[in-house]
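Here is the structure we will look at, set down as structure tokens.
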Amino acid sequence: MSGMNDSYKAGDIVYVFYRNPHTQDVANVQSAAVVNHPEEPDKLALFLYEEFYPISDEMAVYSSEEDANQAYNYYLGDSEVGRLDE
């Protein structure tokens, strides 16, 4: 987990796969902000849709939208579905 936290700093914008909590078979690429964890200031979290998510090695976090869309296409199918510019 320390490797993941060392890769980013508070204020970075990253891209993640986000599954719709109401329709689990729908996923897209979403931008998220890297922030200091509100309950553990020495750790980082992702701020996405008004929620904090602790960063872990189990998360697929990408530094660029292009990298995220390529991974989305590889793992989940059509890269056009997950694009932010729709």
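Residues in segment 15-28 that are more than 16 Å from Val61 (Cβ to Cβ) and either surrounded by 13 or more Cβ atoms within 10 Å (Cβ to Cβ) or hydroxyl-bearing (Ser, Thr, Tyr) (or both): Thr23 only. If only residues of segment 35-56 that are part of a loop (DSSP other than H, G, I, E, B) and under 12 Å from the mean Cα position of the chain (by Cα) are counted, the one that is farthest from Ala10 (Cα to Cα) is Tyr49. Of all residues in segment 47-64, those that are open to solvent by 90 Å² or more (accessible area, probe 1.4 Å) have Cβ atoms under 9 Å from Cβ atoms of residues that are among the aliphatic types (A, V, I, L, M) and part of a strand (DSSP E or B), 6 or more apart or on another chain, in Tyr49/Ala32; Phe52/Val35; Phe52/Ala45; Phe52/Leu46. The numbered conditions (1) at pLDDT below 85; (2) among the acidic types (Asp, Glu); (3) open to solvent by less than 80 Å² (accessible area, probe 1.4 Å) are all true for Asp78 except (3).
When segment 29-46 is filtered for residues that are touching a helix residue (DSSP H, G or I) at 6+ places or on another chain (Cβ under 8 Å) and surrounded by 18 or more Cβ atoms within 10 Å (Cβ to Cβ), the ones remaining, listed by number, are Val29, Leu44.
The values are calculated or read from the model by the stated rules, or taken from the named source; none is laboratory data. Everything numeric here is computed off the predicted structure, so don't read it as measured data. All Cβ positions, even for glycine, are placed from backbone atoms using ideal geometry, and neighbour counts span all protein chains on display. For the accessible areas, the whole protein counts, side chains as well, though only heavy atoms, and no ligand, DNA or RNA atoms are used. Shrake-Rupley method; radii C 1.70, N 1.55, O 1.52, S 1.80 Å.
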